[in-house]
Amino acid sequence: MQWGLESNACCELDKTSFWADPSDFGDIFDVSHFIDSLRDEVRIIKRLPKKFSRKYGFQAFRMSPVSWSNEKYYLEQILPLFSKHKVVHFNRTDTRLANNGIQLDLQKLRCRVNFQGLKFTPEIETLGYKLVRILQDKGPFVALHLRYEMDMLAFSGCTHGCTVEEAEELKRLRYAYPWWREKEIMSEERRQQGLCPLTPEEATLVLQALGFDKDTQIYIASGEIFGSERRLASLRAAFPHIVKKETILDPAELPQFQNHSSQMAALDFMVSVASNTFIPTYYGNMAKVVEGHRRYLGFKRSILPDRKKLVELLDLHQNGTLPWNDFALAVRQVHEKRMGQPFRRRIIPDKPKEEDYFYANPEECLCEGTKCEDLVGPSNSSTLH
């Protein structure tokens, strides 16, 4: 993200991630709509003036803002840098603004950006709405965000259910990317802490325990599953009506988006938001943003797995200690209050990474004034979902 003088702003996307997606902001979002919708509050420019261009030798001041900072930090420490350097290039912009303790008018601006300013390109929206329409014509459907792709497993070090060869492949990949700081990871220890995505086999058992039957239509929102069809076998056996965008759409409709992981994820995002039930197997950025949008649309049902508790129950069931009926009952009880119901964001002073993210539960966007207490509870609530 780059900020210039007079509150100008423009942005560019990271192209150095695992997927090496060449997409620009304008390949994913409707830039004109974004600029127009925020014109009364933020002056957004599509590109920097030539004199500030790298092509003409200008070197912008690069920095990473301090994570979870409030507006005081930006006014007192960042704003003076504009006058000194003319252009400031934020090379990291994720989690750089605090979840809480921000003035209400700024939180409302975040609401307008997230729910009104950001709109996908017409090409993405057209295909996304087509996916939703095809699914809805067949009845209610579950969107399962099956976060079991190679990058997730290599980064997290989670190899439960993988072969020895697959685990070694994931380890080599982790060492190949220097910005993934953790290298030696104890997979089973991490799994017991609830820090691993559910495997496709574990997700199958959880879905069955939650009461979904073989007639349930399930849309798999993900990239290529690590282990491919071999790892999806149990899921397909239990739920024959499993579909993906690649199986729903005509082969001629996807090529323009393939090899562009962000654009493919945008299609999955649209389907996940529109689904009757959303279930993520890992609580990452996409899961949080989908959850927030579903709250904004009327607290649509989102089942957020308690992975730490589920691992305990799954292991007890699979070693024969916990019979199926007891396992299923326990799974349902654990998730009674994890269905996307209204609640206040949980605040943990000095531990913002562990508290509820603004974008997952944007309560300032959901109600006005005293109505908020009726909807999400009193402001001092710290109920854990």
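The values are calculated or read from the model by the stated rules, or taken from the named source; none is laboratory data. Nothing here was measured: the structure is a model prediction, and the numbers come from that model. Because the Cβ atoms are built from the backbone with ideal geometry, glycine has one as well, and the counts that use them run over all protein chains shown. SASA here: full protein model, heavy atoms, side chains in, ligands and nucleic acids out. Shrake-Rupley method; radii C 1.70, N 1.55, O 1.52, S 1.80 Å.
Take Tyr56, Tyr74 and sort them by solvent-accessible surface of the protein heavy atoms, 1.4 Å probe, largest at the top. List each step's numbers first, then the result.
Working: Tyr56 140, Tyr74 55 Å².
Final ranking, largest accessible area leading: Tyr56, Tyr74.
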Exercise. Do any of Lys86/Lys119; Lys119/Lys288; Lys300/Lys353; Lys55/Lys86; Lys214/Lys300; Lys46/Lys119 go past 21 Å between their Cα atoms, and which?
Worked result: Lys86/Lys119; Lys300/Lys353; Lys214/Lys300
Exercise. Who wins for biggest fluctuation among Leu310, Leu329, Leu195 in a Gaussian network model of the chain, springs between alpha carbons below 10 Å?
Worked result: Leu329
Seminar exercise, completed: Highest mean packing first, using Cβ neighbours within 10 angstrom, the peptides 111-119, 271-279 sort as 271-279, 111-119
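For Leu314, what is the net charge nearby, where nearby means another residue's Cβ is under 12 Å from its Cβ and Lys, Arg count +1, Asp, Glu -1? All intermediate terms of the calculation are to be shown ahead of the outcome.
Working: positive: Arg191, Arg307, Lys308, Lys309; negative: Glu201, Glu202, Asp306, Glu312, Asp315.
Here the charged neighbours net out to -1.
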For this session: Give me the distance between the Cα centres of the range 222-274 and the range 33-94, rounded to whole Å.
Result: 36 Å
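Stretched out fully, how many nm does the piece from Glu189 to Arg133 gain, at 0.36 nm a residue minus the Cα gap?
Details: separation 56, 0.36 × 56 = 20.16 nm, distance 4.23 nm.
So the chain would gain 15.9 nm between Glu189 and Arg133.
Starting from the exponent 0.38 and prefactor 2.2 Å, build the expected Rg for the range 41-102 from its residue count and divide its actual Cα Rg by it. List each step's numbers first, then the result.
Values: Rg = 13.2 Å, N = 62, 2.2 N^0.38 = 10.6 Å.
Dividing the Cα radius of gyration by 2.2 N^0.38 Å gives 1.25.
Suppose R0 equals 41 Å. What FRET efficiency, 1/(1 + (r/R0)^6) with r the Cβ-Cβ distance, do Asp40 and Glu182 give to the nearest 0.05? Please report the intermediate quantities before stating the final value.
Working: r = 44 Å, r/R0 = 1.07.
E between Asp40 and Glu182, to the nearest 0.05, is 0.40.
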Exercise. Near the amide H of Arg62, under 5 Å away, which other amide H atoms are found, from residues 5 or more places off or on another chain, if H is placed in the peptide plane?
Worked result: His89
Seminar exercise, completed: Rounded to the nearest 10 Å², the accessible area of Tyr73 using a 1.4 Å probe with every protein chain kept is 30 Å²
For this session: Working from the alpha-carbon coordinates of the range 151-196, get Rg over Rh, Rh being the Kirkwood radius.
Result: 0.93
For this session: Search the structure for amide H atoms under 5 Å from the amide H of His145, placed 1.01 Å from N in the peptide plane, and list their residues when 5 or more places away or on another chain.
Result: Ala221, Ile279, Thr281
Exercise. Quick one: ranking Lys353, Lys300, Lys308, Lys86 by accessible area, 1.4 Å probe, largest first, what do you get?
Worked result: Lys353, Lys308, Lys86, Lys300
Exercise. If r is the Cβ-Cβ distance from Arg54 to Ser83 and R0 is 25 Å, what FRET efficiency results, to the nearest 0.05?
Worked result: 0.75
For this session: May I ask you to compute the full-extension gain from Glu76 to Arg346, defined as 0.36 nm times their residue separation minus their alpha-carbon distance, rounded to one decimal in nm?
Result: 94.4 nm
Exercise. In the range 162-192, which GluC sites (Glu not before Pro) fall in coil by DSSP and have 13 or fewer other Cβ atoms within 10 Å?
Worked result: Glu182, Glu184
Seminar exercise, completed: With R₀ set to 35 angstrom, the calculated FRET efficiency between the beta-carbons of Asp94 and Glu166, to the nearest 0.05, is 0.75
Exercise. In the Gaussian network model of the chain, springs joining C-alpha atoms below 10 Å, which of Ala287, Ala60, Ala328 carries the largest mean-square fluctuation?
Worked result: Ala60
